[in-house]
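Worksheet for the structure shown next.
Each value in this text was obtained by applying a stated rule to the coordinates, not by laboratory testing. The structure presented is a predicted model; accordingly, all values stated were derived computationally and were not measured. Heads up, the Cβs are rebuilt from the backbone with ideal geometry, glycines too, and the neighbour counts pull from every protein chain shown.
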Amino acid sequence: MFLLLELDLAGIVTFPCFLLQFSSKPVGIVGLGRIGSAIAKRAQAFGCSISYHSRTQKPLKHYKYYDNIVDLVIDALGPRGILINVGRGAHVDEPELVSALLEGRLAGAGLDVYEDEPEVPDPLLRLDNVLLLPHVGSDTVETCNSMADLVLANLEAHFNSRPLPTPVI
């Protein structure tokens, strides 16, 4: 919060007077793998309705599936929805996202990845309804330790001819 205030005073960003509440909002997730599923579980705890796009439909998940990302974002989220992308920058058409945010077709966005990293499109920097992170959304001590443990578990499984804990299919 202090950093946002400093940026506001320096004229770099404008801090909005009112923020949106996350509870009960529709949430669209691109990629319902291990991380996307964990985000969905947490969002459900806030009473959010979950929709998703993934390479394949997940039969055991009781969320609304969209086979097209544009339909997911625009139709599923709507003017009260918040798009969160922590997966891949190329998953989101950034010019279309900017248009949807400016026109009120989406309420907001939280982005940790960008189409042309490390560059962030200038229009996104100027929007008050966007939270931008520099690809550090998972940078906690605990998460980094968990990632290291997972790498070791995958290597151990591979070299012992066992199934990988987290294969990419």
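Brief remarks follow.
- Each helix, a run of at least 4 DSSP H residues, gives -39500 (n - 2.57); summed and divided by the residues of the chain, these come to -9000 deg cm²/dmol at 222 nm.
- Cβ-based net charge around Gly31, under 12 Å, with every Lys or Arg adding one and every Asp or Glu removing one: +4
- Were the residues from Leu124 through Glu96 laid out at 0.36 nm apart, the gain over their Cα-Cα distance would be 9.0 nm.
- Within the chain, longest stretch clear of exposed chymotrypsin sites (Phe, Trp or Tyr not before Pro) (DSSP loop, no more than 13 other Cβ within 10 Å): 47-169
- Cα-based values for segment 115-166, radius of gyration first and Dmax second, are 17.5, 51 Å.
- Nearest-0.05 FRET efficiency for Lys58 and His135, computed from C-beta distance (R0 30 Å): 0.70
- Mean separation of Cα contacts under 8 Å, 6 or more apart, over the residue count of segment 23-138: relative contact order %: 22
- Charge sum, other residues only, whose C-beta stays under 13 Å from Glu96's C-beta, Lys/Arg counted +1 and Asp/Glu -1: -4
- Exposed loop positions in the chain were taken to be GluC sites (Glu not before Pro) whose DSSP state is not H, G, I, E or B and which have at most 15 other beta-carbon atoms within 10 angstrom. Between these positions, the longest stretch is 1-102.
- In segment 23-138 the Cα-Cα distances spread across 5 Å bins starting at 0 as 2, 12, 23, 26, 21, 12, 3, 1 percent of all pairs.
- Panel note: the C-alpha atoms of segment 40-97, placed on their principal axes, show extents of 31, 26, 20 Å (largest first).
- Label-point separation, Asp149 to Leu164 (7 Å along Cα→Cβ), nm: 2.0
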